[in-house]
Amino acid sequence: MARAKKSAAKDTELVDGEQLTREEALDRRAKRRAEAAQNPPTVVVENLHVHYKVYGAGATKGAATGALNRMIHRRKNNALRDVHAIRGISFVARKGESIGLIGSNGSGKSTLLRAIAGLLPAEKVGGVYTDGQPSLLGVNAALMNDLTGERNVVLGCLAMGLHPDEIREKYQSIIEFSGIDENGARASMRPMKTYSAGQAARLRFSIAATKLHDVLLIDEALATGDAGFQKRSEDRIRELRRNAGTVFVVSHSISSVRDICDRAIWLEGGLIRRDGDVDEVTAEYEEWSRR
Amino acid sequence: MRAKRVTVSGTQTVAADPARGTAQQADPSEDGSLAPADPEFAELGGSGMAAKYGLAVAGKRPNPIAYARRLWAARHFIVTWATARNQALYSGSRLGQLWQVLTPILNVAVYYLIFGILLGTRDGIPDFIVYLVAGVFIFNFMQTAMLYGSRAISDNLNLIRALYFPRASLPIAITIIQLQQLLIAMVILVTVALAQGEPVTWHWLLIVPALCLQFVFNTGLALLVARFGAILTDTSQLLPFILRTWLYASGVFYSIKSMIGKHRIPGAVTWVLDHNPPLLFIQVIRSQLITVPATNDPKIALGYRNAMFLPPHAWLWLVIWAAVVGIGGYLYFWQGEETYGRG
């Protein structure tokens, strides 16, 4: 709410590279949302439940006799936990929508994205239906730390389904975008385990942002690297949003969700708390988290 | 409802009026799920909408043939991943890639010392060194493909949860890594055979199709244990024991036929031991490389015959094993395709 007053007091604000008054910006968003409501759906989520397993300490290492014992006595492995991360979610996303997912840590935001991307299976009761193969753009996409940045670029692109010729074409722009080779530091030739956290995250983002998809899922990719890189990556996401059909953004930065999204879904404890206009939902979320 | 919300957010008062914002949305019901504010969803339901607009279930596995086509499309990824992993394997050690050669040689040296010399299993075997080297390398190919295959999913969960690619890429890539290491081992085997004075014949070329069949067989096994390992993480702890038993039953460093001959063993067990796939692969490759020296002593001649024993239709059996295990492992792994992200 504080922000709404502040921006109302300011005459104009920067939206998608244009100076607009607050009313103009809201009008534009209202028009976009009204148009999107008539568009065909790209993601339909119906009563979605997601479980996954977590291995605690001592679960992966253990004597075979212990394993045999567990199997014979049908005893559960103590270190193995089942997480019921999503507990029945339904919503519809249509072409042209950009949806921010907000909520506290562990509320199921990233799990929801993975379920939409088809990386985590939905339980039998409900389902996720998508138009084509959505692509998940996350900075957590694990690459191979023993290999050089150069090899990681090639591998990451191949895993996303790019052809080797395309990769050769795009390789230079990926390295340039990541900025890891700036100031003569030939970091792309070093193994990724020698990278700083910021460098690694920047390279991962650059790789992930190479390919365009109809449904784009962005996981915490906005808070990556230094200020210069953040600006570049936000620009890249806007560009991707204009080209993609539907964009989902997971972020803890409420201001970047407001900048990028028209609609917001607030998750808490694996359930939808609120689903609606981005300003309304984020305002309510901020009020709730201050309590 | 959507249209209504759009008109209100057009006016400026909304952000300052939380009460109106909440009033638009139904409160979370008892089970916590919130009905989406989409009239079409209310009317058709999720599956109805999916059918109307041609949406597919997220992450749904395609049929086995389409899945094979996806794997073929991922071939560049599979080979690059395998090669990179293979090179990264020894990157932390000082001798580096030299270990690719040293590991199999040291393996053979240990078996030669313990079994060949101390336990005397080399007696009655023609050219024991070539016999042993072929046995160790061929069995090792299967053993490592299964060991690493059983951890293919759990070791790469981050990758699986981050990117979509056909999951069978991982066990297949792991078998390719083992094949790359086997090729180095094969160079050693041929070098040893030449050093031992084995005559070079056209038979040596038959090693290539035999290894191709074994690659298919091992890929099937790797796919099989990969899904086992994904369901039950204890698989990778139990597997070494199963594999060690299999090692002893496969006559890697002794002539199993000569051992059996000393005991009364039912015919069915003998048949199973004779058609044990790793032993068949090993024996077929041994018989291409080793020439049996002529002898007048009937006891030694019998020992040689036992050591080089091949059941009838050995090549046919190799094809059968490769086809059954290869296709069976593929289908079994494919059935679990959607579940591997769960961990």
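The values are calculated or read from the model by the stated rules, or taken from the named source; none is laboratory data. Predicted model, so just to flag it, every value in this text is computed and none were measured. Quick reminder, even Gly has a Cβ in these numbers, built from the backbone with ideal geometry, and neighbours come from all protein chains shown.
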Subset of the range B:46-69, residues part of a loop (DSSP other than H, G, I, E, B), crowded, with 18+ Cβ neighbours inside 10 Å and either modelled with pLDDT of 85 or more or more than 7 Å from every other protein chain (Cβ to nearest Cβ) (or both), comes to B:L55, B:R61
Filtered residues of the range B:70-101 (kept if at the interface with chain A (Cβ under 10 Å from one of its Cβ atoms), hydrophobic (A, V, I, L, M, F, W, C), buried (at least 18 other Cβ atoms within 10 Å of the Cβ) and assigned to a helix (DSSP H, G or I)): B:F77, B:I78, B:W81, B:A84
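Within the bounds of the range B:212-224, is there any residue that is of a type outside the set (D, E) and more than 26 Å from B:A173 (Cα to Cα)? So that I can check it myself, show each step before the final result.
To start, the set of residues in the range B:212-224 that are of a type outside the set (D, E) comprises B:212-224.
Add one more test, that the residue is more than 26 Å from B:A173 (Cα to Cα), and what stays is none.
No, the range B:212-224 contains no residue that is of a type outside the set (D, E) and more than 26 Å from B:A173 (Cα to Cα).
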Identify all residues within the range A:229-258 that are among the charged types (D, E, K, R) and over 19 Å from A:A201 (Cβ atoms); write none if there are none. A:R238, A:E239, A:R241, A:R242, A:R258
Could you list, in sequence order, the residues of the range A:151-189 that are crowded, with 16+ Cβ neighbours inside 10 Å and within 10 Å of another protein chain (Cβ to nearest Cβ)? A:R151, A:N152, A:V154, A:L155, A:G156, A:C157, A:L158, A:A159, A:M160, A:G161, A:L162, A:I167
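Being of a type in the set (D, E), under 24 Å from A:H252 (Cα atoms) and at pLDDT 80 or above is the requirement here; does A:D219 meet it? Working first, answer last.
Numbers: of a type in the set (D, E): yes; under 24 Å from A:H252 (Cα atoms): yes; at pLDDT 80 or above: yes.
Judged against the criteria, A:D219 is a match.
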Quick check, is A:G132 at positive phi, within 14 Å of another protein chain (Cβ to nearest Cβ) and more than 14 Å from the chain's Cα centre (by Cα)? yes
A careful count of residues in the range B:243-261 that are over 19 Å from the mean Cα position of the chain (by Cα), over 12 Å from B:L273 (Cα atoms) and assigned to a helix (DSSP H, G or I) gives 2
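If you take the residues of the range B:230-264 that are small (G, A, S) and more than 29 Å from B:A301 (Cα to Cα), which of them is farthest from the other protein chains (Cβ to nearest Cβ)?
B:A230
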Scan A:L271, A:L216, A:L203 and give me the residue that is touching a residue at least 40 places away in the same chain (Cβ under 8 Å) and either of a type in the set (D, E) or within 12 Å of chain B (Cβ to nearest Cβ) (or both). A:L271
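Give the number of residues within the range B:125-155 that are closer than 20 Å to B:V187 by Cβ and among the small types (G, A, S).
3
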Which helices (runs of 4 or more DSSP H) sit wholly inside the range A:214-291 and have at least 3 residues that are more than 19 Å from A:L137 (Cα to Cα)? A:278-290
Restricting attention to the range B:130-167, and to residues there that are at pLDDT 90 or above and either in contact with a Gly (Cβ under 9 Å, 6 or more places away or on another chain) or of a type in the set (K, R) (or both), which single residue is nearest to B:K60 (Cα to Cα)? B:R167
Where residues in the range B:133-175 are crowded, with 21+ Cβ neighbours inside 10 Å and of a type in the set (V, I, T), which of them is nearest to the other protein chains (Cβ to nearest Cβ)? B:I160
Is it fair to say B:F241 is touching a residue at least 12 places away in the same chain (Cβ under 8 Å) and of a type in the set (F, W, Y)? no
Among the residues of the range A:44-66 satisfying the criterion of being facing chain B (nearest Cβ under 8 Å) and crowded, with 19+ Cβ neighbours inside 10 Å, which is modelled with the lowest pLDDT? A:Y52
Taking the range B:147-179 as the search range and keeping residues that are farther than 21 Å from B:A68 by Cα and hydrophobic (A, V, I, L, M, F, W, C), which one is nearest to the chain's Cα centre (by Cα)? B:L147
